Amino acid sequence: MDTKYFILSPCGTSILTNHVKNNEERQLIFKYTNEKSKDAIPEEDRNRLLKLIMEVSSIIDETDYKDAGKLSAELNGIIKIYDNIIPVNKDDIHFLLCTDTWLGEEASKLVENWLKKRAIKHMVYIHRHTDLQTKDILAFQMSLSELVKKLSEELPGYSKSGYKIIFNLTGGFKSVQGFLQSIANFYADETVYIFETSSELLRIPKLPIRMDYETFIEANINKFRNMAIGLTTSDVAGIPETLLFTLEGKTILSPWGEIVWEQSKKTIYRKKLLPSPSQRIKYTDKFIKNVNGLPSDRIEIINHRIDQLNRYFEGQDYNPKSLDFKELNVKKGDSTHEMDAWSDRDAKRIFGHFEGDVFILDSIGPHL
């Protein structure tokens, strides 16, 4: 059976800059690289950029493999992965990661259109990641943290489905490339580059890296749990600065902190019911006994569900279907409210009640 590929390619504007006719056009692209909307660009400059995009579109649309690689760093890497001919009947996925900018998205569309025309069964889609731009360094840092969450949630599923995960780092901006290079060993099976001026592809396999942060994280578990759901803290004593990102005196997890957390939490969440992450949430002895008697994968789910409940109580306008926190129509013992535990297998609910502002988790049981 042929290997299926999930190829992540950060996209920059090389497909535009490689086509400019003079330095003036090049400077025009650089000037507006970080603009989120074309409407923010003065009309005269916007029209010049639109004309350039249309010219490149008409050229790239008819460009063969050899010349497409010269026009686009992103396409150059992808073409080399397939040994210069992209198979038309292969169920591969191309994830084009573009900056949160107008020109970044337009450049990615040019790459997308070229691939779709030549790869019938390939899935090609653009992900414009919020605040992924270098105009605002604080927003950029937070954007990278959100990107870690997205990749950690999605990529393992593709791996389990038999996909080989490749990070194609031949294109894109250096700031994004550097970040993806640092996390590739945790999420990618292979990282590829075009080596300096060579036409050959440099392939770097996944290295056997394991981060042993579990003991450290368990000692600071509630701080990590709260920061992971977006709650800031000022109490970060004993946590390395590299794992933290501070904004206006409040601290959340840095992109590296997110990686450490995502790599460690599954094992930690499966061990036992963790202490409540909030003063607004408490457990009865019955609830603790219920949870700790469950299989490890169900314990993991309950710990996640309590994180969701914590986020709900923090007023983040958050009550997803997986939580479904609501009042009971008829009381169940002391319990006045319920939320989802899990909806697969035997489908259980968590029941509880309020004592003032504190919500008491009473028990786990079947749907009423």
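The values are calculated or read from the model by the stated rules, or taken from the named source; none is laboratory data. These figures come from a predicted structure and were not determined experimentally. So basically every Cβ, Gly included, is an ideal-geometry build from the backbone, and we count neighbours across all protein chains shown. When the accessible area is computed, the model is the full protein with side chains, heavy atoms only, and any ligands, DNA or RNA have been set aside. Shrake-Rupley method; radii C 1.70, N 1.55, O 1.52, S 1.80 Å.
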Fraction of antiparallel bridges per DSSP, the chain only, in percent to nearest 5: 55 percent
Relative contact order, percent, the stretch 228-368 [alpha-carbon distance under 8 Å, six or more residues apart]: 18 percent
Peptides ranked, highest mean first, by Cβ atoms within 10 Å: ranges 296-309, 314-327: 296-309, 314-327
Highest-fluctuation residue, W261, W114, W342 considered, GNM on the chain with Cα pairs under 10 Å: W342
Order by protection proxy (mean Cβ within 10 Å, highest first), peptides 68-74, 250-256: 68-74, 250-256
Net charge over other residues, Cβ less than 10 angstrom from the Cβ of F140 (K, R count +1; D, E count -1): -2
Global form of the stretch 68-210, assessed from the alpha-carbon gyration tensor, a/c cut-off 1.5: rounded
The stretch 1-136, relative contact order in percent, only Cα pairs under 8 angstrom and at least six apart counted: 35 percent
Portion, in percent, of the accessible area of the chain that falls on carbon or sulfur, probe 1.4 Å: 49 percent
Dipole axis of the chain (+1 Lys, Arg; -1 Asp, Glu on Cβ), positive-most option in L253, P10, I360: I360
Alpha-carbon Rg/Rh ratio, for the stretch 243-368, with Rh computed the Kirkwood way: 0.99
Choice from D92, D67, D131 showing the highest fluctuation, given a GNM over the chain with Cα pairs closer than 10 Å: D67
Mean-position separation - Cα centroids, the stretch 266-340 and the stretch 16-41, in angstrom: 50 Å
Counted charge near E43, where neighbours are those whose Cβ lies closer than 14 Å (Asp, Glu -1; Lys, Arg +1): 0
Cα-based shape type of the stretch 159-296, given that a ≥ b ≥ c are square roots of the gyration tensor eigenvalues and the cut on a/c is 1.5: oblate
Span-rule helices in the chain, defined as complete DSSP H runs reaching 30 Å or more along the axis (Cα) with Kyte mean at least -1.0: 137-160
About the Cα centre, charge dipole magnitude for the chain (Lys/Arg +1, Asp/Glu -1 at Cβ), debye: 840 debye
Helix-derived mean residue ellipticity, 222 nm - over the chain, DSSP H n ≥ 4, -39500 (n - 2.57), to 500: -13500 deg cm²/dmol
Per residue accessible area of the chain, 1.4 Å probe, in Å²: 50 Å²
Cα gyration tensor category, rounded, prolate or oblate, for the stretch 32-144 with a/c compared to 1.5: oblate
Gaussian network model of the chain, springs between alpha carbon atoms under 10 Å - residue of G157, G356, G230 with greatest fluctuation: G356
Relative contact order (percent, whole number), the chain, Cα cutoff 8 Å, 6+ residue spacing: 13 percent
Highest-first arrangement of 17-23, 47-53, 172-178, 96-102, where packing means the average Cβ count within 10 Å: 96-102, 172-178, 47-53, 17-23
